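As structure tokens, the structure follows; a few thoughts come after it.
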Amino acid sequence: MGDAYIEVTGENLSECFKGSAVGLLRLVYDLRKVELKESVNVEINGFDLQNLLYKWLEFLIIKLTAEKFAAGYFNIEVNKEKISLKGTIYGEKYLPKKHGFKTEVKGITYHLMEINYQEKCKLRFLVDL
């Protein structure tokens with residue numbers, strides 16, 4: 001039992017949110033083994049950017065745990081004025097024998113979450129394992 005503290009950098013918020021998905025899901029399975037056979041549209045709104053990040057990561061956890069969807073590629077855009085995320089994720093049915101299983105993610109927490117996006121973007125978040 002424990003936590004993972006993930007830091008992501010990018011040129012903008014969209015890149016950081018894509019990187020947050022990669023950082024989160026790499027804790028669970030091998031993203032390199034995911035084939036991009038299926039697509040899922042996503043549209044999320046938040047009341048602030050931390051809430052949007054929380055909802056985005058929670059969406060990915062639910063897709064994996066409840067729907068057994070292994071995401072491998074993220075074509076998303078974050079609109080900081082509307083505090084929204086919209087796009088498509090690509091992947092396939094999650095199969096532990098194919099994709100592996102590293103650790104179980106229990107959830108995301110607001111504790112220690114940071115989002116900085118002045119010239120470039122840097123975000124940090126804590127994952128409860």
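Read-outs throughout are calculated quantities, based only on the coordinates presented, and are distinct from any laboratory measurement. In this text the structure is predicted, and so the values were computed from the model without any measurement. Cβ sites come from the backbone with ideal geometry, for glycine too, and all protein chains shown count toward neighbours.
Among strands (runs of 3 or more DSSP E) entirely within the range 12-129, having at least 1 residues that are under 29 Å from Gly2 (Cα atoms) and of a type in the set (Asp, Glu) singles out 84-93, 107-116, 121-128.
For the range 21-44, the condition holds for at least one residue, the condition being that it is closer than 19 Å to Leu129 by Cα and of a type in the set (Gly, Ala, Ser). Of all residues in the range 1-40, those satisfying the criterion of being under 18 Å from Thr109 (Cα atoms) and over 13 Å from the mean Cα position of the chain (by Cα) are Met1, Gly2, Asp3, Ala4, Tyr5. Of the residues Ala71, Ala21, Ala66, the single one that is of a type in the set (A, V, I, L, M), surrounded by fewer than 14 Cβ atoms within 10 Å (Cβ to Cβ) and closer than 20 Å to Val127 by Cα is Ala66. If the condition is being under 11 Å from the mean Cα position of the chain (by Cα) and charged (D, E, K, R), then the range 41-91 contributes Lys55, Glu58, Lys63. The condition (being hydrophobic (A, V, I, L, M, F, W, C), over 20 Å from Lys33 (Cβ atoms) and surrounded by fewer than 18 Cβ atoms within 10 Å (Cβ to Cβ)) is satisfied by just one residue among Leu129, Leu95, Leu57: Leu129.
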